Amino acid sequence: MAHSKKPVSLRLKVKDLDCIDCSRALERVARSIDGVEDARVSFTLSTLDISLRDEKDRKAVLRSLRRKGYEVYPVGTEAQVPMGALGGAVSGRRLLLTSIGGTLLIAALVSYLLRLPPGLVHLMLIAATAIGLPLTLLRALNSLRCRSIDMNVLMSIAIIAAAAIGQWEEAAVVAFLFSIAIVLEALAMARTRKAIESLMELSPDTALVRRDGGEVPADASTVTPGEIIVVKPGERIPLEGEVVSGTTSVDESAITGEPMPAAKTPGAQVFAGTLNEDGLIEVRVTKPKEESTLARIIHLIEHVEESRAPVERFVDRFARIYTPAVVTAALVMGIVPYLAGMEETWIYRSIVVLIIACPCALVIATPVAIVSGLTSAARQGILIKGGMYLEQAANTRALALDKTGTVTLGHPTVSAVRTLGGISENDLVSLAAAVESGSTHPLAGAVMAEARRRQLHWEMPQDVTAIPGSGITGKVDGTTYIVAKPEFLAGRLGEKNLDPGLLTGKTALAVGSDTEVLGIIEFTDKVRPGAAATLAALRKMGIERTVMLTGDREDAAREVATQIGVDAYYADLLPDRKVEVIERLKREFATVAMVGDGVNDAPALAASHVGVAMGAAGSDTAIDTASVALMSDDIGKLVPLFGISKAVKRITIENIAFAIGIKAAFLVLAATGRATMWMAVFADMGASLIVIANALRLLRNRGAKVR
């Protein structure tokens, strides 16, 4: 029986990938090559991922891409590839031809000033044009084969048209300026890519593994969960796992954004890419390298193109209409007056319009700002799932927050035990601990911690049944007991009036049997430091309404709400009721964000426009389900989250307005004959460089402000 071959993956680094149109053209070209199953370009990282039908097609595909004008090499072979100048951001071929073209232009200018024979000057200009044209012509032909008009097509037509009407000096200058602009854009984009690649370099490629009674260096990607690795002081941790021996401090800023090292003892979790500072530790690996928290962060940023912001999709649609429209206008401007016997200057003007038609600055304005913003956020331990959520965060007007574990520390402790009848405090706590031992709720943990503190023993419960949103029941020594919200237990037993003195506004659980309430256990949970200041800062940033949602009692909710200063709070909420509040907010406000501690608040997080999960480091579920994951438990991270999103929105608007303004101004100048070809190239490429530089400011953003 025949077996289908598994596709072979090939990842290539691409030089001179400086615009979105170029990346899309490359994707189409790669897919058209024989032997290629599929191809996907990451403009963010300047990489091309190819699925080959067979390993034997690898060399043929590489040769085909290079023949089509793309300088590519397999990722991981950087050491064997001549990187050239400028850190390898620009192809050696482009640098060489651009340098020769510039030298010929300077030589032509000097010859003209020295009054050397015009024929010599003319020859130098022709040579400069001939050298510069191949840099764009090959890619232009590739785009035309794929029925696409990109900047290479427009520039090639402009250069050829200028040469055809005898404007050799203009053709040579356009070819040279365009190539110089590509070099500068590639360098600017390299800075963004370097910021992302710096995250990738955090995780070591090798790990010291305990195998066969010794310590063996191994490729980190080959280490499997369950194996033990050794991490020495000063080394980065190569794989995610659990400390099994040793004590140390670990710098986790690369993952959580927290500057203070975290103490690690046996049983503690450690993350790949974090720095082991001062102790030798042994770690049991829990995840393969490709599934680590760091790898997931990098993957999401790398494939940000898959979750594009609405404004980015709008710009793409605009460019698809704008470019053909301006090209058509340029053709009409050049051909109609010429056929009517008017002066040939209209042909020149049409070439200028053709150059201005290039939408590079407009198309690149948004993705560079988004990638820079996402990278800046990731550096601070804020994982945003894509441009769409970044834009929605910027537009947020209402913010809902879960109480326990979000605005409070989430570590409740027993503050008081109040008994009824003849039962003692210790017996009440022991009984409650027995029933709650079948629960994973934070309050259950607090009850058992109190029982251990009192050195009490409790029986193993039977027939344990959870009461969603209310409590739990279980049999102890043959009797059914209930540990639940006081209101629920009172209602179940038909007791309309619990002693008001027993209910003091604290979070509480009532303990009872099928016939009576035996007592009340009260809890306290401290508000997170800085919660009130964070909400005050968010109001100044444009959040109009803040609400707190909790399943806790009214009095307990009111106390926390007063401390943090929310506009409203909703207590005694089951998960479906939290969703109802979110839906109500969505009807009143265009965009609503919900902040919770991951899995427990999943329905409300999913219902909101922007779901923010706190303390997501190491939690696959939180990273997968939330729109935004705060890798640490620091509620203060909400300030840079919304600050960066608003900065990205502002810079994107600035870039789009600037790009369209430049285009409009030069279209008018071209139509009136006041713009030259070299001016059009300078303006178009200059606009691209300006919007990139403006977006790169986001990489310096460490909080709410950019300016």
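Distance between the 7 Å Cα→Cβ label points at T524 and Q455: 2.5 nm. Compute the label zone of Q269 within region 211-252: residues whose backbone N is under 13 Å from the point 7 Å along Cα-to-Cβ. Flagged as within label range: 240-243. Coupling constants for region 471-476 follow from the phi torsions by the Karplus curve (6.51 cos²θ - 1.76 cosθ + 1.60, θ = phi - 60°), and in residue order they are x, 7, 10, x, 9, 10 Hz; glycine and proline get x. Compared with the direct C-alpha span, the chain from E583 to L109 gains 163.7 nm at full extension, assuming 0.36 nm per residue.
Applying both filters, DSSP loop and at most 16 other Cβ atoms within 10 Å, to the GluC sites (Glu not before Pro) of region 332-429 gives E343, E344.
Ellipticity at 222 nm from helices only: DSSP H runs of n ≥ 4 in the chain, each -39500 (n - 2.57), divided by the residue count, give -15500 deg cm²/dmol. Cross-linked pairs K287/K403; K475/K526; K526/K637; K13/K663; K264/K287; K13/K194: Cα-Cα separations exceed 25 Å for K287/K403; K475/K526; K13/K663. What the Cβ-Cβ distance of L96 and E201 gives, at R0 = 25 Å and to the nearest 0.05, is a FRET efficiency of 0.25. In this Cβ point-charge picture (+1 for Lys and Arg, -1 for Asp and Glu), the chain has a dipole of about 2860 debye about its Cα centre.
Once label points are set 7 Å from the Cα along Cα→Cβ at both L331 and R67, what is their separation, rounded to one decimal in nm? Label-label distance for L331 and R67, simple model: 3.0 nm.
Peptides 692-698, 589-595, 286-292, 359-365 ranked from most to least packed by the mean count of surrounding Cβ atoms within 10 Å: 359-365, 589-595, 692-698, 286-292. Quick one: Debye curve from the alpha-carbon atoms of the chain only, equal weights, vacuum; give me log10 I(q)/I(0) at q = 0.05, 0.09, 0.10, 0.11 Å⁻¹ to two decimals. Treating every Cα as an identical point scatterer, log10 I(q)/I(0) equals -0.35, -0.91, -1.04, -1.17.
One decimal place: the segment D555-A657 gains 31.6 nm when fully extended, by the rule 0.36 nm per residue minus the C-alpha distance. Using the Karplus curve 6.51 cos²θ - 1.76 cosθ + 1.60 with θ = phi - 60°, work out ³J(HN,Hα) for each residue of region 567-575 in order, rounded to whole Hz, and write x for Gly and Pro. Calculated HN-Hα couplings, in order: 6, 7, 9, 10, 10, 6, 9, 7, x Hz. Full extension of the chain between S32 and S9 yields a length gain of 6.6 nm, computed as 0.36 nm times the residue separation minus the alpha carbon distance. The label-point distance for S513 and A466, in a model that sets each label 7 Å from Cα toward Cβ, rounds to 2.8 nm. Can you tally the net charge around L138? Count Lys and Arg as +1, Asp and Glu as -1, for every other residue whose Cβ sits under 13 Å from the Cβ of L138. Residues near L138 contribute +4 overall. Between E291 and R674, the C-beta separation translates, for a Förster distance of 51 Å, into a calculated FRET efficiency of about 0.30.
The peptide list 604-615, 218-229, put in order of mean Cβ contacts within 10 Å with the highest first, becomes 604-615, 218-229.
Arranged from fewest to most other beta-carbon atoms within 10 Å of their beta carbon, L509, L585, L689 become L689, L585, L509.
No lab work stands behind these numbers, since they all come straight from the coordinates. Quick caveat, the model's predicted, so the values are computed rather than measured. Glycine also receives a Cβ, built like all others from the backbone with ideal geometry; neighbour counts cover every protein chain displayed.
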